[in-house]
Amino acid sequence: MVPMVTPFEWLAQQLPSIAARMGDLPVTSSVQPQQVRSFLAEHFDLEQSTPLLEALPAVSSMLERWTTHVTHPRYFGNFNPSVTDGGVIGEALAAAWNPQLAVWCHAPAAVEIERFTLDFLMGKLGLDAESCLAHFTGGGSEANHTAVICALTQCFPQWAEQGAAGCEGAPRLYVSAGAHDSFFKIAHAVGIGRAAVRIVPVDGDLQMDVTALRKMVIEDARAGCTPFMVVATAGSTAAGTIDPLKRLVAFGRVQGMWVHVDAAYGGFGVLTERLRPHLDGIAFADSITFDAHKGMSVPMGAGMFFCRHPKPVEAAFAAANSYMPAPTADGSEPYLNTLQWSRRFIGLKVFLSLVEHGARGYDTLLEGQCAVADVLIQGLIDGGWQILSQSPLPMVCFSHQDVRASLEAHENLAAAVRKRGQAWISAVTLADGQPALRACVTSFRTTPADVATLLSEIQACRIGRFGHIS
Ligand SMILES: Cc1ncc(COP(=O)(O)O)c(C=O)c1O
């Protein structure tokens, strides 16, 4: 018999139990595409309507069984964290009210909640909220995209009308070998071409080598190109490395280049005592990317873009039309300052997470993740593993003399761990070319006991206790 609850009541019962049960579920799923497709075909006929209460258990069961659970305490993976209650509730409320944030007059409460939240985070980043602009984005890629558009608008007055053809000297932007690959897609999309992205080698600490950068910029300028932007990464995807922010900002100033800090991952450092000093200099960058759906544990996606120069932002996203409501008196119309037009209420989940935990609570959660990463590092060292990266963020890259020095051997080991379903780790090539295993403490629910499980799984897979792996 169908239980006497409404679909909303069903949801309210289900949501808390997801986090409560997560630690007992397998982290990974080995389902094959055909199994999922057959299940869908068998259970759902979209020509017909089906009562939600009949369909929801099946959908929920699919999600439970056939997902790599990134909110699992033993998901030591990419930057997809466990989610705060405030984040989940914020996501649901935003969907239910569905305010349109394109213009202030349609969503005064929502636009001002976003502004209030961003002003608070600007304070943490050391930015002056009065003179800077900030907005939520779909994710880090969109925020990086926004930064490149603003930098091009600022540095090449003809680019807005004529694209790359209007630029004096082929535009060149510089990223470290550890930077996120979104910059290649972005260079493609903005019409300067993927070859415009110049990869600067890293030094022994995997940080952008500023001497090499200087040399490349001089050589490119001599060859008739126009270096216009340098991207410092604060929390590289593979290793959690933070580039030398102060030196790169100073370099950009001297060269007249736009300096962007891609702190999509590492931005959360400004919320912790322990990590804040490592982000020194971030406040002087021209623009910053910071993803709340990475370090602040809110559901995807909640990117943020911060910029110290309102003019190029406004110029880049200006629009004139008759069908949108007239701008309000203070001119803060989100669709005129951002890449998006229709805008969902992304900021509510960030706001409610901050309401729930406060800055002090975030400090505690993030400090906890760093402390768990310390336990992992010690356990690896005790087990004879070498630590290959020195990130202050809760991210560890490591290898073992018994694992062949190839990416494939590391991938095989990571795959063997994942296959057993107890933990999720990956293999990466570091910015200096070394292969490594990578474990990021991305969940605030991860405990030393979870680390102990990970360590025993890695060790057992390395010595082939569960079968030969490479
Ligand atoms: C350093 C860095 N920048 C940008 C991105 C892209 O962010 P998103 O996946 O939110 O678009 C990532 C994603 O992991 C990243 O690690």
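The values are calculated or read from the model by the stated rules, or taken from the named source; none is laboratory data. All figures in this text were calculated on a predicted structure; none of them were measured in a lab. All Cβ positions, glycine included, derive from the backbone under ideal geometry; neighbour counts span all protein chains shown.
G163 falls short on exactly one of the conditions (1) within 24 Å of the chain's Cα centre (by Cα); (2) in a helix (DSSP H, G or I); (3) farther than 22 Å from A234 by Cβ, and that condition is (1). Listed by first and then second residue, the pairs linking a residue in segment 187-205 that is over 16 Å from C225 (Cα atoms) to a residue that is exposed (fewer than 14 other Cβ atoms within 10 Å of the Cβ), with Cβ atoms under 6 Å apart and 6 or more places separating them unless they lie on different chains, are H188/R194.
Annotation note: of S426, S456, the sole residue that is within 26 Å of G269 (Cα to Cα) and hydroxyl-bearing (S, T, Y) is S426.
Of L352, L275, all but one fail to be over 21 Å from F228 (Cα atoms), touching a helix residue (DSSP H, G or I) at 6+ places or on another chain (Cβ under 7 Å) and away from the ligand (no atom under 16 Å from the Cβ); the exception is L352.
Checking segment 90-100 against the condition returns a match, with at least one residue being within 16 Å of the ligand (Cβ to nearest atom), under 30 Å from A189 (Cβ atoms) and assigned to a helix (DSSP H, G or I). Restricting segment 321-340 to residues that are touching a strand residue (DSSP E or B) at 6+ places or on another chain (Cβ under 7 Å) and assigned to a loop (DSSP other than H, G, I, E, B), the residue that is modelled with the lowest pLDDT is N337. When V83, V27 are screened for being within 25 Å of the chain's Cα centre (by Cα), of a type outside the set (G, A, S) and under 28 Å from A416 (Cβ atoms), only V27 passes. Can H180 be described as over 25 Å from C440 (Cβ atoms) and of a type outside the set (F, W, Y)? No; evaluated as a whole, the condition is false for this residue. If I filter segment 292-313 for residues that are among the polar types (S, T, N, Q), within 16 Å of the ligand (Cβ to nearest atom) and surrounded by 21 or more Cβ atoms within 10 Å (Cβ to Cβ), do I get at least one hit? Checking segment 292-313: at least one residue is among the polar types (S, T, N, Q), within 16 Å of the ligand (Cβ to nearest atom) and surrounded by 21 or more Cβ atoms within 10 Å (Cβ to Cβ).
Criterion first (among the hydroxyl-bearing types (S, T, Y), exposed (fewer than 12 other Cβ atoms within 10 Å of the Cβ) and in a helix (DSSP H, G or I)) does S17 satisfy it? Answer is yes for this residue.
Picking from residues in segment 30-51 that are of a type in the set (A, V, I, L, M) and within 33 Å of the chain's Cα centre (by Cα), the one that is nearest to F8 (Cα to Cα) is L40.
For segment 295-302, the condition holds for at least one residue, the condition being that it is of a type in the set (S, T, Y), assigned by TED's automatic domain parsing to the domain that holds L118, within 20 Å of P81 (Cβ to Cβ) and touching a helix residue (DSSP H, G or I) at 6+ places or on another chain (Cβ under 8 Å). Within segment 209-241, the set of residues being free of Cβ contacts under 8 Å to residues at least 60 places away in the same chain and closer than 23 Å to C370 by Cβ comprises A232, T233, A234. When L348 is tested against the conditions (1) of a type outside the set (V, I, T); (2) assigned to a helix (DSSP H, G or I); (3) touching a Pro at 6+ places or on another chain (Cβ under 7 Å), the lone failure is (3).
The single condition among (1) more than 22 Å from the chain's Cα centre (by Cα); (2) among the acidic types (D, E); (3) within 16 Å of the ligand (Cβ to nearest atom) that E112 does not satisfy is (3).
Here segment 166-181 is the region considered, the condition is being over 22 Å from the mean Cα position of the chain (by Cα), part of a loop (DSSP other than H, G, I, E, B) and small (G, A, S), and the residue that is surrounded by the fewest Cβ atoms within 10 Å (Cβ to Cβ) is G169. Annotation note: of E130, E142, E161, the sole residue that is touching a strand residue (DSSP E or B) at 6+ places or on another chain (Cβ under 9 Å), surrounded by fewer than 24 Cβ atoms within 10 Å (Cβ to Cβ) and in the same structural domain as G267 (by TED's automatic domain parsing) is E142. Can you tell me which residues in segment 99-139 are over 17 Å from A283 (Cα atoms) and small (G, A, S)? Within segment 99-139, A102, A107, A109, A110, G138, G139 qualify.
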